[in-house]
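One structure is given below, encoded as structure tokens.
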Amino acid sequence: MNKPKYLYKADVEFAIYEFISEGKNGRIKKRIEYTETTTPNVYNLGFGDYDETTNSINDLSVTNNGDSLKVLATVASTVYAFIEKYPNAYILATGSTNVRTRLYRMGITNNLAEITADFFVFGLTQEGDWREFEVGEDYEAFLITKK
């Protein structure tokens, strides 16, 4: 995505990414983790504020740092980096709340032409079916893979 984004650091496996959100509430460390699921080649995308004390992601925190578009663009840029390292991977993403899942859907919708130039995008319906992503539809989760 050709949008402003933060510089991030990745681990050697390209599975963990960290960056600092800078905004009206200060500097907040963020972490993105790609975790393999029980399904081969399917990785869950986890994201949130990073708590160094517990060495974990808080995916329920509301930062309100005024930089949400830059943060989402940064997360999206790690998808490209991860897929470059693991070209056969499928990335599963869902929000920790319905509001966040809706935010992800809006982010995909607003950048769909750019995203679908490189990726296949699917949405999980409330009935439990995976379908090609369609603008205006509600989804429980999203799955993307390289074209």
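Among the numbered conditions (1) surrounded by fewer than 16 Cβ atoms within 10 Å (Cβ to Cβ); (2) in contact with a Ser or Thr (Cβ under 9 Å, 6 or more places away or on another chain); (3) in a loop (DSSP other than H, G, I, E, B), tell me where Gly95 comes up short.
(1)
Within region 15-34, can one find any residue that is farther than 25 Å from Glu132 by Cβ, under 16 Å from the mean Cα position of the chain (by Cα) and assigned to a loop (DSSP other than H, G, I, E, B)?
Yes, region 15-34 has at least one match.
Can you name the residue in region 58-89 that is buried (at least 19 other Cβ atoms within 10 Å of the Cβ) and of a type outside the set (A, V, I, L, M) and, of all such residues, is farthest from Lys5 (Cα to Cα)?
Looking at residues that are buried (at least 19 other Cβ atoms within 10 Å of the Cβ) and of a type outside the set (A, V, I, L, M), I get Phe82.
Pick out the one residue from Leu45, Leu69 that is part of a strand (DSSP E or B) and not aromatic (Phe, Trp, Tyr).
Leu45
Give region 48-81 a look and list any residue that's farther than 12 Å from Lys30 by Cα and of a type in the set (Phe, Trp, Tyr), or say none.
Within region 48-81, just Tyr80 meets the criteria.
What are the pairs with Cβ atoms under 6 angstrom where one residue, in region 57-86, is closer than 21 Å to Ile144 by Cβ and the other, located anywhere, is part of a helix (DSSP H, G or I) and of a type in the set (Gly, Ala, Ser)? Sequence gap at least six, or different chains.
Sorted first by the residue in region 57-86, then by its partner, the pairs are Leu72/Gly107.
Readers should treat all values here as calculations from the given coordinates under stated rules, not as data from a laboratory. Since we're looking at a predicted model, the values are computed, not measured. Counting neighbours? That spans all protein chains shown, and the Cβs are built from the backbone with ideal geometry, glycine included.
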